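The values are calculated or read from the model by the stated rules, or taken from the named source; none is laboratory data. If you're wondering where the values come from, they're calculated on a predicted model, not measured in any experiment. Counting neighbours? That spans all protein chains shown, and the Cβs are built from the backbone with ideal geometry, glycine included. Calculation scope for accessible area: heavy atoms of the full protein, side chains included, ligands and nucleic acids excluded. Shrake-Rupley method; radii C 1.70, N 1.55, O 1.52, S 1.80 Å.
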Amino acid sequence: MADQRIAILFDIDGTLIISGDAGAASWRLAFDELYGIPADIGAFTDTGLTDPEVGRKTFSGVLHREPSAEEFERLLDCRLKHLRHTVRDSQGYRVLDGVEPLLTTLLGKGHLLGLVTGNVEPAAHVKLHRAGLNRFFCFGGYGSDSEDRGELTRVALRRAELVYGAPLSPGQCIAVGDTPHDAEGAHAAGIACIGVASHHFTADQLTAGGCDFVIGSLEEEWPL
Ligand SMILES: [Mg+2]
């Protein structure tokens, strides 16, 4: 039976690209510019958090209080300003193996490609811009839509339906990510997840973490 999946939702960091230190460097520069503190997000956060969560936890970690709404908005703006440059200048930036050929093939087969990521929407596009990858994706769910991965995945699916022009069942959609967080977010939205063991997690860890299919890289045979 031919696979009926229509919408495919890709995580960005560790799945499509690695930005090197660009994300952490942009937060460090923003905290330094606004508060004189070159904050290290790694000291206060884990991978898999959305950008707003990273900003809030690091803010309270270094300033020992919650940001006001105005302060938080200014922090996110300042961080985006620096991200353009840290992504452009990152020595460690690279596109992961197999990404462009796979995206081209999937588009050619008529799939709708989207993003599902903890990045706020402009950060997602800045990170993909350096590699010219924005053109593949016509919808997404972002850290600016919700701090909850399940909810931002549901937002992505609603946008997929808008682009598709008709309702999509969960079985017609699938997420692709490099961590167990991606599987949790996908399952919370009722869809399956392909784990790609291309970055921090091994195939066994992704299977144990709930991924429904696991591949070693996007160069390997597509599991659907
Ligand atoms: Mg990731």
Only one of I37, I17, I12, I41 is without any contact (Cβ under 8 Å) to a residue 60 or more places away in the chain, touching a helix residue (DSSP H, G or I) at 6+ places or on another chain (Cβ under 7 Å) and closer than 18 Å to G118 by Cβ, namely I41
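Rundown of residues vs (1) of a type in the set (D, E, K, R); (2) modelled with pLDDT under 95; (3) assigned to a helix (DSSP H, G or I), yes/no style:
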| residue | (1), (2), (3) |
| --- | --- |
| D3 | yes, yes, no |
| I8 | no, no, no |
| T15 | no, no, no |
| I18 | no, no, no |
| A25 | no, no, yes |
| F31 | no, no, yes |
| A39 | no, no, no |
| G42 | no, yes, yes |
Picking from L168, L162, which residue would you name as being of a type outside the set (G, A, S), more than 17 Å from the chain's Cα centre (by Cα) and open to solvent by 50 Å² or more (accessible area, probe 1.4 Å)? L162
Check whether at least one residue in the range 9-24 is over 20 Å from the mean Cα position of the chain (by Cα) and not acidic (D, E), and report yes or no. no
When the range 15-44 is checked residue by residue, the ones that are open to solvent by 20 Å² or more (accessible area, probe 1.4 Å) and either in the same structural domain as A186 (by TED's automatic domain parsing) or within 16 Å of the ligand (Cβ to nearest atom) (or both) are I18, G20, D21, A24, I41, G42
Which ones in the range 171-188 are of a type in the set (G, A, S), touching a Gly at 6+ places or on another chain (Cβ under 6 Å) and surrounded by fewer than 20 Cβ atoms within 10 Å (Cβ to Cβ)? A188
Quick one: in the range 189-201, of everything that is within 16 Å of G48 (Cβ to Cβ) and free of Cβ contacts under 8 Å to residues at least 24 places away in the same chain, which residue is most open to solvent (accessible area, probe 1.4 Å)? F201
